[in-house]
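Structure record follows, encoded as structure tokens.
The values are calculated or read from the model by the stated rules, or taken from the named source; none is laboratory data. Quick caveat: nothing in here was measured; it's all calculated off a predicted structure. All Cβ positions, even for glycine, are placed from backbone atoms using ideal geometry, and neighbour counts span all protein chains on display. Heads up: the accessible areas ignore ligands, DNA and RNA and are worked out on the full protein's heavy atoms, side chains in. Shrake-Rupley method; radii C 1.70, N 1.55, O 1.52, S 1.80 Å.
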Amino acid sequence: MHSSFAPHVQKFVEEIIRNGKIGISAGNIAVIHPKSGCSNFEKKPLCDRFKIVIPYGGQSVTWEILFHALYPDLPPDFIFDDGNFKPDINDIESLCNWNPDDPTSLIQVIQQLLEKYRWQEVMLLEDYSRLQFEYSSLIHQAGFSDSDVEVLLNRKNRNGPVNFLIRLPIDFSKLPPFLTKDNPGDDSAVLLVTFQTPDGSRITPQLYLSPRVEQALGGNAALRIPSFSSAGCLMDYVPLVRQLLSNKIEQIVVGFEKRKEYVAAFLSHYGRSIVEYEAESFSKLSLMFEWNDFYFLLHINIPLYFPQDKPSFMFQSIYHANIGRPYSVICNDYPYSPRWSGNEMAERAQSFLLDYVPKFQRSSIENKS
């Protein structure tokens with residue numbers, strides 16, 4: 001699409017497409033509706049104006065950007081979808097010092113304008129005592145910065161929903177690399193809290209995680225945040241969600257180290273019986289055992305939130321089949337405590353195997369097809 005732009009506009013559009021992520025949301029700026037504002041061309045008119053859709057405050061704002069195809073050195077004009085937003089151009093430094101040769105000039109202007117827009121929304125909270133308290137207490141008492149919060153009021157209905165989009169400062173660097181390597185991009189967590197009415201009679205929180213973080217935590221259902229009571233407040237609720245997420249990450253980090261310990265213990269105790277094991281995530285291993293001339297495989301799946309969550313044992317006969325597949329039984333009913341060391345788990349598994357294998361042998365014979 002950007003190939004239809006006038007040359008002096010195209011470089012700004014390409015920069016938006018490449019690096020158009022500003023604000024708190026994980027989404028990029030979208031470029032839409034390119035068109036030409038000048039018909040004085042010998043050939044097909046080239047586009048010198050377009051609209052951008054900026055993710056903001058849990059929704060989006062749409063601005064139209066107007067260049068002049070015949071005067072490439074001039075800075076752009078803007079038309080804002082919010083008619084009440086009338087920033088003082090003299091306060092937009094990158095616009096006053098416009099550099100037509102710098103491809104990042106437009107992005108800089110958009111960033112500064114969005115900051116002005118954010119402050120306008122914050123100032124409008126002064127008309128709502130509850131919302132003003134929520135914002136100021138979150139900033140001054142809960143330790144969040146102004147840049148961590150985007151506020152969006154409902155323009156059409158003064159008693160309509162008001163959004164607080166809050167960036168949660170979380171250290172994701174501890175996450176094991178195997179959990180994030182297949183998903184490029186930044187790691188982020190943002191909390192959208194919607195006050196359905198300005199008096200806070202009904203409040204809806206939603207947590208949004210970047211794809212890498214969501215996968216690392218085991219999917220979008222792995223983390224359930226508590227409900228937001230109408231009697232609660234942001235300065236208490238937001239740190240609670242932040243701590244919940246931090247604890248979950250710490251749980252995964254500890255689980256990774258514990259899985260390594262668990263696999264290492266089985267390698268030490270049953271090294272000659274090991275068939276294979278996952279050496280990156282340490283999430284599974286397979287062993288072959290013999291009991292009274294009966295050979296069988298033991299597949300152990302170690303969950304993400306180990307040791308709180310218990311590994312599953314799957315016994316598989318190498319002799320018998322059921323409905324055309326190797327006969328197998330999944331067993332989770334064995335002695336287990338998350339407080340045991342990896343060595344103790346491996347030792348207790350041996351006692352359990354000696355007791356369980358005769359039962360498995362009988363069932364594999366009785367259920368063969």
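Annotations for the structure displayed:
- In the set (1) surrounded by 13 or more Cβ atoms within 10 Å (Cβ to Cβ); (2) in a loop (DSSP other than H, G, I, E, B); (3) touching a helix residue (DSSP H, G or I) at 6+ places or on another chain (Cβ under 8 Å), the condition left unmet by Gly232 is number (3).
- Strands (runs of 3 or more DSSP E) fully within the range 93-205 counting 2 or more residues that are more than 30 Å from Glu250 (Cα to Cα) and open to solvent by less than 60 Å² (accessible area, probe 1.4 Å): 149-152
- Condition broken by Tyr208, with the remaining ones in (1) open to solvent by 40 Å² or more (accessible area, probe 1.4 Å); (2) in contact with a Leu (Cβ under 8 Å, 6 or more places away or on another chain); (3) modelled with pLDDT under 85 satisfied: (3)
- Cβ-Cβ under 6 Å pairs, at least 6 apart or on other chains, the range 224-236 side closer than 18 Å to Gln196 by Cβ, far side open to solvent by less than 50 Å² (accessible area, probe 1.4 Å) and part of a loop (DSSP other than H, G, I, E, B): Ser230/Gly200
- Flag if Glu14 is within 30 Å of Val193 (Cα to Cα) and surrounded by 15 or more Cβ atoms within 10 Å (Cβ to Cβ): no
- When we screen Asp77, Asp102, Asp82 for residues that are free of Cβ contacts under 8 Å to residues at least 12 places away in the same chain and either under 36 Å from the mean Cα position of the chain (by Cα) or farther than 30 Å from Val190 by Cβ (or both), the only hit is Asp102.
- In the set Ser351, Ser337, only one residue is in contact with an Asp or Glu (Cβ under 9 Å, 6 or more places away or on another chain), on the phi < 0 side of the Ramachandran plot and loosely packed, with under 13 Cβ neighbours inside 10 Å; that residue is Ser337.
- Among all positions in the range 272-290, there is no residue which is in a loop (DSSP other than H, G, I, E, B), farther than 18 Å from Pro177 by Cβ and in contact (Cβ under 8 Å) with a residue 60 or more places away in the chain.
- Residue within the range 14-27 that is over 30 Å from Leu207 (Cα atoms) and either more than 24 Å from the chain's Cα centre (by Cα) or charged (D, E, K, R) (or both) present: yes
- The set of residues from the range 211-225 being open to solvent by 40 Å² or more (accessible area, probe 1.4 Å) and farther than 19 Å from Gly58 by Cβ comprises Arg212, Gln215, Gly218, Ala221, Arg224.
- For the range 44-65, taking the residues that are more than 19 Å from Ile22 (Cα to Cα) and surrounded by 14 or more Cβ atoms within 10 Å (Cβ to Cβ), the one that is farthest from the chain's Cα centre (by Cα) is identified as Pro45.
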